[in-house]
Amino acid sequence: MDANLPATPQSTAMPSPMTDEDLESLARRRAGAKLGWYTHALIYLVVNAVLFVLARHGVTHRPWNLYPAAGWGLGLLLHGVSVFLLGAGSGLRERLIERERQRLRERR
């Protein structure tokens, strides 16, 4: 066993099965997070469509609307990664946790 990893019951015990209440809570949190991302994406599209129209038909005809669209788009992308890939209960997160469990068991 690695000297830097203390032997605690939490690190070596199998996870307990989730109760119906736990599943309901997790499902609600995940659905809320996804709904939040969909709302974010819809607002992004509407606001950037308005900015596009203002940039094309406003006083100047320069594509200044690309800057807020790119910055906000990066934020939307990171929000999506946190919701769909790294969020609590996501498939990727659960696979990484299981992989770490296996590595810790092998070191025992």
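The values are calculated or read from the model by the stated rules, or taken from the named source; none is laboratory data. Treat the numbers as computed from the prediction; the structure is a model and nothing was measured. Virtual Cβ from ideal backbone geometry, glycine too; neighbours counted across all protein chains shown. Side chains are part of the model used for accessible areas, which takes the heavy atoms of the whole protein and leaves out ligands, DNA and RNA. Shrake-Rupley method; radii C 1.70, N 1.55, O 1.52, S 1.80 Å.
Evaluate E = 1/(1 + (r/R0)^6) for ALA31 and VAL59, where r is the Cβ-Cβ distance and R0 equals 41 Å; express this FRET efficiency to the nearest 0.05. Once rounded, the FRET efficiency stands at 0.40. May I ask you to derive the FRET efficiency for LEU45 and ILE97 from their Cβ-Cβ distance with R0 = 30 Å, giving the value to the nearest 0.05? E between LEU45 and ILE97, to the nearest 0.05, is 0.30. Computed with a 1.4 Å probe on the full set of protein chains, the accessible area for ARG93 sits at about 100 Å². The string of couplings for the range 36-41 from the Karplus curve (6.51, -1.76, 1.60, θ = phi - 60°) is x, 5, 4, 5, 4, 5 Hz, one whole number per residue in order, with x for Gly and Pro. Express the Stokes-Einstein translational diffusion coefficient of the range 39-108 in µm² s⁻¹, to the nearest whole number, given a Kirkwood radius over alpha-carbon pairs, 10 °C and a viscosity of 1.306 mPa s. My calculation gives 105 µm²/s for D.
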